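Remarks on the structure that follows.
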Amino acid sequence: MSALLGIDYGGTRTKLLLVDSGTQEVLDRRSVPTGRLAALADAVREVTTDRSVSRFGLTIAGTLDPGTGVVGRSTNMPWLDGLAPAAGLAEQVGIPGVAVQDGTAMAIAEATLGAGRDARDVFVIALGTGVAGAHVVDGEVRAGAHGGAGEIGHVAVGAPHTCSCGQVGCLETLIGGGQLGRRWEQERAGAQAPASSTATARDVVMAAEAGDRAAQAVLARATDGLARAILQASALLDPGVIVVGGGLARSPRWTVHPAVEAAGRAATFHRLPEIRTAALGVWAGAYGAMLAADTAAAGSPPSDSGAAPSTRFTAS
Ligand SMILES: [Zn+2]
């Protein structure tokens, strides 16, 4: 029986997940430092030795043209700009492949194999450096008429800060990993706060755990903002489950749990869905890439953004 390979091509680490397409058994999984396409091809050859692999899926951390598989812009991996990485890798390793945007891959995996696997209508929120979202219905991302749906990081939640997008009040200005450190500095130093901060989101969570009042206040405002965004998503989309993932969701005591409580207190007419912490952790992207490969292998058009995966797999 042949295998499917999911590749999560991240800014610092690349995760490879090899799954038997018949038994769905995970045959191999490994995480290697990210290199350029030639190094990635070596890693693929190593993991696929002696095995027949029918197709790979490759996540792209950046904008992707779904028709051509060409990367528009990748902030963390600028050498991919203008390239069609899945086609290039396919040529080097002799296995056909398909590209999928990383947020889409993570969302499809969590919705179909992870925390939302028992629900048909799932909204996935990823709390990373930025805040991303995707509405997944029956295993398919609802990308909208222009591919721009799901931007929950840029819904206004009443914050006083100007966002990188130009709007004032975005959720991302409160809970984006790139913003939390800055908010913490501001909370501690007021007007004297430096213009940028080297503190990471993890630093803020650890300080909050150690009893730092400023860090706790910053996280309380961030989770209040997340609760408001969850209410807006519920009012507009009425999902059956909301899954919250990404780095910050790994400290649910300071992020997901208070947001769930705040949303419950603030809800009026809303039919609040069950809000769950993501289940696949750092492997979500690789599972999503594998599902994109499976969809393409099943003969569906190899869509790069809204791939509807089969749901015959389970995560292990
Ligand atoms: Zn914004």
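The values are calculated or read from the model by the stated rules, or taken from the named source; none is laboratory data. Please read all numbers here as calculations on a predicted model, not as lab measurements. Cβ: placed from backbone, ideal geometry, glycine included. Neighbour counts: every protein chain shown. We work out accessible area using only protein heavy atoms, side chains counted, and drop any ligands, DNA or RNA first. Shrake-Rupley method; radii C 1.70, N 1.55, O 1.52, S 1.80 Å.
Annotations
- Accessible area (Å², per residue) of the chain, counting only protein heavy atoms and a probe of 1.4 Å: 44 Å²
- Per-residue extension of 0.36 nm, minus the Cα-Cα distance of A193 and S316, leaves a gain of 39.8 nm for this segment.
- Inter-label distance for H270 and R213, nm, one decimal - labels placed 7 Å from Cα along Cα-to-Cβ: 3.0 nm
- The stretch 1-21 and the stretch 115-142: distance between their alpha carbon centers, rounded to Å: 21 Å
- When the alpha carbon gyration tensor of the stretch 117-277 is reduced to an equivalent ellipsoid, the three semi-axes, largest first, read 27, 17, 14 Å.
- Of the trypsin sites (Lys or Arg not before Pro) in the stretch 1-37, the ones in a loop by DSSP (not H, G, I, E or B) with at most 14 other beta carbons within 10 Å are R36.
- For the stretch 128-207, relative contact order (Cα pairs under 8 Å, six or more residues apart, normalised by length) works out to 22 percent.
- The order of T200, T255 by accessible area, most exposed first and with a 1.4 Å probe, is T200, T255.
- Shown for the stretch 43-130 is the translational diffusion coefficient from the Stokes-Einstein equation, using the Kirkwood radius over Cα pairs, a temperature of 25 °C and a viscosity of 0.890 mPa s: 169 µm²/s.
- Between the stretch 50-107 and the stretch 232-304, the C-alpha centres lie 23 angstrom from each other.
- Computed over the chain with a Gaussian network model linking Cα atoms closer than 10 Å, the most mobile of A99, A286, A119 is A119.
- Of all beta bridges that DSSP places with both ends in the chain, some 60 percent have antiparallel geometry.
- Of the residues A210, P252, G264, the one whose Cα sits farthest towards the positive end of the charge dipole of the stretch 117-277 is A210 (charges of +1 on Lys and Arg Cβ, -1 on Asp and Glu Cβ, taken about the Cα centre).
- Helical runs (DSSP H, four residues minimum) scored at -39500 (n - 2.57) apiece and divided by the length of the chain put the mean residue ellipticity at 222 nm at -10500 deg cm²/dmol.
- Amide hydrogen neighbours beyond the local backbone of A3, cut-off 5 Å, H modeled: S21, S52, V53, S54
- Taking the inverse of the mean reciprocal distance over all distinct Cα pairs, the Kirkwood hydrodynamic radius of the chain comes to 20.0 Å.
- At least 18 Å along the helix axis (C-alpha) and Kyte average at least 0.0, DSSP helices within the chain: 213-237, 284-297
- Separation of alpha-carbon centers, the stretch 146-204 and the stretch 213-230, rounded to whole Å: 11 Å
- Placing a label point 7 Å from the Cα of L236 along the Cα-to-Cβ direction, the residues of the stretch 126-145 whose backbone N falls under 15 Å from that point are 126, 131-136, 142-145.
- Using a Gaussian network model of the chain in which every pair of alpha carbons under 10 angstrom is joined by a spring, one finds that among Q92, Q192, Q101 the greatest mean-square fluctuation is at Q192.
- Heavy atoms of D81: accessible area, 1.4 Å probe, square angstrom to 10: 60 Å²
- The heavy atoms of F269 offer some 140 square angstrom of accessible surface to a 1.4 angstrom probe.
- Ranking D20, D118, D65 from most to least accessible surface, computed with a 1.4 Å probe over the protein chains only, gives D118, D65, D20.
- By accessible area with a 1.4 Å probe, ligands and nucleic acids excluded, highest first: order of H161, H257: H257, H161
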